[in-house]
1. Please go through region 91-138 and give me each residue that is in a loop (DSSP other than H, G, I, E, B), under 13 Å from Ala59 (Cα atoms) and in contact (Cβ under 8 Å) with a residue 12 or more places away in the chain, ordered by number.
2. Those residues that are surrounded by 14 or more Cβ atoms within 10 Å (Cβ to Cβ) and in contact with a Gly (Cβ under 6 Å, 6 or more places away or on another chain), I need them from region 99-138; list them, please.
Amino acid sequence: MHLNAEVLAMPVAREKPAPPALRSFRPLSATVPCDFHILNLRTLQAEVRDDSLPSAEMALILHRKGFDCGLEAKHLAFNCTTSQGKVGLGHPLFHGLELGSLQPTSLTLMYPLGTASPNSTVIHMDPMEIATFRIHFG
């Protein structure tokens, strides 16, 4: 996936002096199962605009890849354990962050596709499905 879609970091030129450096922060402390690919993970703009604080919401766009059952037997280098379509978003994936709610949305984040689930952190997806989630950290 790295060869197909290399990570693109987009730095911002600052007109003001840079604020003091923040402590090291690594939200993804574990890997997602090998049949899942994170297409996008980004913060969302807060409803009340405050440039000094980041938003408590993130958008997560996931793609679940489809694997052929014969792939593992023929190509031993591709062996990996799949999760049968389930991925947990709580600890240890988002280490140090308390997951408040998880809401499935349309791919454009315009329309909610259900109610926000404050208790469930497990996502189930079918093969070759792309889904978008609004994550609120509390």
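The numbers here are math on the coordinates, done by the rules we state, and not lab data. Because the structure is predicted, anything quoted here is derived from the model rather than measured. Glycine also receives a Cβ, built like all others from the backbone with ideal geometry; neighbour counts cover every protein chain displayed.
1. Listed by number, the residues that qualify are Ser106, Leu107, Thr108, Leu109.
2. The answer is Leu99, Pro104, Thr121, Met125, His136, Phe137.
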